[in-house]
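Here's the structure, in structure tokens; my notes come after.
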Amino acid sequence: MDTPVFRSGFITIIGAPNVGKSTLLNTIMHTKLAIVSPKPQTTRHRILGVKNLPHAQLVFLDTPGIHQPRTQLNRYMMQAVVEALASPEVVLYMTAVGQTPYPDLGFLQRHLGRRDVPVFWVLNKIDLLPPHEVLPIIAACDEKGFFAEVLPLSAHRGDNVPALLDSVVRYLPAGPQYFPEDMPTDRDERFLIAELIREQAFLLTNEEVPYAIAVEVESLHERSDGGVEIDASLIVEKESQKGIVIGRQGRLIKAIGTQARHAIGHMLHCPVHLRLLVRVKKRWKEREAILRDLGFGELS
Ligand code: GDP
Ligand code: MG
């Protein structure tokens with residue numbers, strides 16, 4: 001019997017904010033690599049997830065949602081999207097029912113140029129509709145001829161995700177194992193910890209406040225009792241936001257800390273001691289030095 005060819009490649013997930021791109025990455029990976037919230041623009045970086053199958057390695061790139069950048073932070077977020085389109089083997093263009101059901105191909109076509117990359121239309125959140133309402137959405141799209149495959153699925157429930165993986169593998173070329181099997185992502189622990197804290201801050205604040213917050217892990221120490229001690233700062237733009245994030249009698253910062261501590265403990269499988277500070281850094285979203293410390297603007 002012939003040995004099957006080993007296939008590999010990069011698969012970029014793109015789409016409007018909030019359609020479920022990060023949820024899909026997490027479902028595929030069976031672990032939480034990318035933070036998720038009901039608010040748009042939760043994802044600020046390119047997040048890589050390596051999925052190992054018996055005869056294939058699929059390297060997924062989750063990206064920030066496509067939007068018009070108004071700050072330097074947002075320009076870096078969009079740069080991450082554009083860079084993730086530089087040389088993928090497959091693109092998953094995601095939309096969501098009840099949201100932005102139809103793909104808008106302008107951005108994608110501008111950035112793929114004449115390159116012949118298979119693009120899948122992934123229609124997410126089909127769990128929100130009765131099954132007979134899903135196919136008419138696809139049928140009504142004039143652009144579906146552009147797509148190599150069209151896959152309705154529920155990233156949240158996992159429906160049709162195995163079929164998506166099977167289809168992706170069929171479009172991958174024979175290739176090497178790019179990453180060792182025990183390396184699910186290229187992000188380090190510090191990054192993932194900062195993101196888990198930011199996720200709670202995002203979930204527990206409203207209006208402009210979640211968008212004013214960045215998180216920096218200042219120190220990370222293992223303790224002799226097997227736990228870890230983490231000091232992290234929540235950076236905000238204004239004094240008034242600092243007051244909001246701290247909350248009355250410190251209640252909000254305490255809630256963020258408690259929930260983040262659970263999430264980090266779950267990831268690291270050990271007890272976590274977390275100290276959070278709130279710092280004001282005016283106009284941080286426009287300041288190159290601060291953005292660089294937060295991991296933006298690095299060429300990947
Ligand atoms: P992203 O901005 O595209 O990365 O979207 P997220 O993954 O952060 O998800 C945005 C919101 O949509 C979150 O509240 C998710 O829980 C929700 N969501 C994601 N996938 C699904 C799905 O398959 N079904 C439903 N009902 N909600 C989903
Ligand atoms: Mg996301």
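Bear in mind these aren't lab numbers, they're just calculated from the coordinates by the rules spelled out. As the structure is a prediction and not an experimental result, all values here were calculated from the model. Cβ coordinates were reconstructed from backbone atoms using ideal geometry, including for glycine residues, and neighbour counts include every protein chain displayed.
Odds and ends about this structure:
- Peptide packing: for 249-258, 184-193, the average count of neighbouring Cβ atoms within 10 Å per residue gives the ranking 184-193, 249-258, highest mean first.
- Rounded to the nearest 5, the antiparallel percentage of DSSP beta bridges internal to segment 103-252 is 65%.
- The chain, helix-only ellipticity at 222 nm - DSSP H runs n ≥ 4, -39,500 (n - 2.57), divided by all residues, nearest 500: -9500 deg cm²/dmol
- Across the alpha-carbon set of the chain, the Rg to Rh ratio works out to 0.98, Rh being the Kirkwood radius.
- Here the residues TYR178, TYR76, ranked from fewest to most Cβ neighbours within 10 Å of their Cβ, fall in the order TYR178, TYR76.
- DSSP beta bridges in the chain [antiparallel fraction, %, rounded to 5]: 35 percent
- Remark: spin-label model distance LEU53-LEU112 equals 2.0 nm, labels positioned 7 Å along the Cα→Cβ axis.
- The modelled label-to-label distance between GLU222 and TYR171, using points 7 Å beyond Cα along the C-beta direction, is 4.2 nm.
- Measure of compaction for segment 154-255 (Cα Rg per 2.2 N^0.38 Å): 1.54
- For the pair segment 69-131 / segment 226-271, the C-alpha centres are spaced 32 Å from each other.
- For segment 231-244, the Karplus equation 6.51 cos²θ - 1.76 cosθ + 1.60, evaluated at θ = phi - 60°, returns couplings of 10, 9, 10, 9, 9, 10, 8, 9, 4, 4, 6, 4, x, 5 Hz by residue, with Gly and Pro reported as x.
- Under the convention that each Lys and Arg Cβ holds +1 and each Asp and Glu Cβ holds -1, the size of the dipole of segment 7-171 around its Cα centre is about 560 debye.
- Gain in span if fully extended, ARG248 to ASP293, counting 0.36 nm per residue against the direct Cα distance: 13.2 nm
- For segment 182-300: relative contact order, % (alpha-carbon pairs under 8 angstrom, 6 or more apart): 25 percent
- On the principal axes of its alpha carbon atoms, segment 7-171 extends 44, 36, 34 Å, with the longest extent given first.
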